[in-house]
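Comments concern the structure below.
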Amino acid sequence: MDYLSLALTIRCLGVLDYGFFVLAQQYMIIIDNLANFQSWSAVIKFGSDALVANDEKRLLATIKSGYLVDIGTAVLGTILAIALVPLVGHLLGWSSELEFAALVFSLTIVSHIEGSSVGVLRLFDKFKWTAYQAVGSSLFKLGLLCVYVFALHAPGGYLGFACAYVAADVVKHTSLLLISLVYVRKRFGLVRVLTAPLNYVDKGFFKFCLWSNLGTSVDVPVKYLDVYIVELVSVEMVGIYKAYRQILQLFVTLTNPISVALMPQVAELVSRGEERRGYHVVCKIRNLAFMVLLPFFILAALFGSPVLNFLLGPGFGDNIHLFLALFALSIISISYVGLHPFFLALGKAREDSLISLVSNVFYLGVVFVLISLIGVWAVVVATAIQYAITIVAKLVIVHKVLRDGEVNGEI
């Protein structure tokens, strides 16, 4: 459904206006990832430890702490995003309309209280609930866009689309929060969670939460600054590049059930001292993902250009080599989707942040050296280097943990 929404948006806006739409939306996403911490990995890790130890007091305190972190940083992120719009707009030479669109998108951050919601539902294997909510949210967004385009005839250009996307985004995140609260109320009672003493929280919870989110924050350049770097080439290229990335997000979405299920499973295995079994799962996912995605890559190479021109409009199929390069990088990223939650389950949040910091420094250095020489391809080269550093460094540390465990007789 999200891809029908994407196609409808691009068809109505065209390449240039869609590029401006992306710049405004990406501003919100960057501030959201920098300031709005998400507690899901900490809730799953320390919640799993509490479940294994059958310590309900610690479990309730962990859940409460997750919600507190999410609420506090969502409010902080919203205030920061709104306050920085004039400064960022001035530095980047934005029009008043683009600044207003960025401001509209910024208002959604306060509804992004999803980390603890995701953590709770994943911890207790309520994957169907999140799946139904995701499908329902996608249908709502598509329906809203159809009403906006066909009934209201899409007034306001990309600013009007920004308002429609914001409405859909608020509904999406608010509904997830409500679903998690319904489950918590049913299983434990909201009063018990709200009154749970925070002194029962594991001492490492907030430290782990801080480090795991710093890892997300320092990973912002490779994930979200790319569109502003591509803007140095042209705004039209921003629209084309972002459309390619969102199309390839389909494959990430298809593998989400695997990654969603993996974190609580490997966290439980690590809690039980069965790290090697957890790593075998990571390797199986890697091999399976590569085998499944390779045929799609071949089909894209053969038929991608005419299909893109048909679906999105003239011009989108003319850069098929860029699409294929991004597709190859997506295959590598998806193949190692299990490595990152396993790494966090091992308690390596600090190392995760440091690896992200180093790899992103290399990313920024490479992209700014090459952008004037090879244009948008600088982003591709820099991303490949960033992926290589991240994956290799984590594999080295994981293998060391497994070897040390064998030497100590723990595995």
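Descriptive notes on the structure:
- Taking other residues whose beta carbon is less than 14 angstrom from the beta carbon of ASN199, and scoring Lys, Arg as +1 and Asp, Glu as -1, yields +2.
- Taking 0.36 nm per residue of separation and subtracting the current Cα-Cα distance, fully stretching the chain between GLU56 and LEU68 would add 2.5 nm.
- Among ALA53, ALA162, ALA101, residue whose mean-square fluctuation peaks in a GNM of the chain (springs only between Cα atoms under 10 Å): ALA53
- Residue among LEU34, LEU198, LEU373 with the largest mean-square fluctuation in a Gaussian network model of the chain, springs linking Cα atoms under 10 Å: LEU373
- Heavy-atom accessible surface of the range 1-156: percent carbon and sulfur, 1.4 Å: 69
- Under the criterion of Cα pairs below 8 Å and six or more residues apart, the relative contact order for the chain equals 21 percent.
- Ranking by accessible area, most exposed first, for THR195, THR174, THR73 with a 1.4 Å probe: THR195, THR174, THR73
- With viscosity 1.306 mPa s and temperature 10 °C, the Kirkwood radius over alpha carbon pairs of the range 16-133 converts through Stokes-Einstein to a diffusion coefficient of 101 µm²/s.
- With the convex hull constructed from alpha-carbon coordinates only, the chain shows a mean projected area of 20.0 nm² over all directions.
- Extent along principal axes [Cα atoms of the range 145-206; Å; largest to smallest]: 55, 27, 13
- 10 Å-binned pair-distance histogram of the range 29-78 (Cα, whole percent): 28, 42, 22, 8
- Calculated from backbone phi, Karplus (6.51, -1.76, 1.60) coupling profile of the range 104-118 in Hz, x at Gly/Pro: 4, 4, 4, 5, 6, 4, 4, 8, 7, 9, 10, x, 5, 4, 4
- Computed from Cα positions, the angle between helix 235-271 and the longest principal axis of the chain comes to roughly 10 degrees.
- Solvent-accessible area of TRP377, all protein chains in place: 100 Å² (probe radius 1.4 Å, heavy atoms, ligands and nucleic acids excluded).
- FRET efficiency for HIS321 and SER234, using Cβ-Cβ distance with R0 set to 25 Å, rounded to 0.05: 0.90
- Gyration tensor (Cα) of the range 318-411, equivalent ellipsoid semi-axes in angstrom: 32, 15, 9
- Axis angle, to the nearest 10 degrees, between helix 349-374 and the longest C-alpha principal axis of the chain: 20 degrees.
- Taking every protein chain into account, the accessible area of the range 1-112 amounts to 38 square angstrom per residue (probe 1.4 Å).
- Expected 222 nm ellipticity per residue - DSSP helices of 4 or more, -39500 (n - 2.57), all of the chain, to 500: -28500 deg cm²/dmol
- Two-site FRET efficiency, LEU395 against TYR132, from Cβ-Cβ distance with R₀ of 41 Å, rounded to 0.05: 0.70
- Candidate residues MET28, MET291: accessible-area rank, largest first, probe 1.4 Å: MET291, MET28
- Residues ASP404, ASP318, ASP70 ordered from highest to lowest accessible area at a 1.4 Å probe: ASP318, ASP404, ASP70.
- Cross-link pairs beyond the 31 Å C-alpha cut-off, checked among LYS141/LYS186; LYS126/LYS284; LYS64/LYS400: LYS64/LYS400
- Degrees separating the helix 320-335 axis from the principal Cα axis of the chain, which is the longest one: 10
- In nm, spacing of pseudo-spin labels at SER95 and PHE303 (7 Å Cα→C-beta vector): 3.9
- Semi-axis lengths (Å, descending) of the ellipsoid that matches the C-alpha gyration tensor of the range 312-369: 31, 17, 8
- Taking the C-alpha atoms of the range 338-377, convex hull volume expressed per residue in Å³: 61
- Rounded accessible area of PHE37 (nearest 10 Å², 1.4 Å probe): 40
- Measuring between their Cα centroids, the range 3-31 and the range 302-380 lie 19 Å from each other.
- Phi to ³J(HN,Hα) by Karplus 6.51 cos²θ - 1.76 cosθ + 1.60 over the range 277-283, Hz, x for Gly, Pro: 4, x, 5, 4, 5, 4, 5
- R0 of 25 Å, Cβ-Cβ distance LEU107-LEU357: FRET efficiency to nearest 0.05: 0.25
- For the range 66-188, the convex hull drawn through the C-alpha positions has a volume of 104 cubic angstrom per residue.
- Couplings 3J(HN,Hα) for the range 38-44, derived from phi with the Karplus relation 6.51 cos²θ - 1.76 cosθ + 1.60 (θ = phi - 60°), are 10, 9, 4, 5, 5, 4, 5 Hz, where x marks Gly and Pro.
- Within the listed set GLY14, GLY375, GLY365, the residue fluctuating most in the Gaussian network model of the chain (springs between alpha-carbon atoms under 10 angstrom) is GLY365.
The values are calculated or read from the model by the stated rules, or taken from the named source; none is laboratory data. Predicted model, so just to flag it, every value in this text is computed and none were measured. All Cβ positions, glycine included, derive from the backbone under ideal geometry; neighbour counts span all protein chains shown. Side chains included, ligands, DNA and RNA excluded: accessible areas come from the protein's heavy atoms. Shrake-Rupley method; radii C 1.70, N 1.55, O 1.52, S 1.80 Å.
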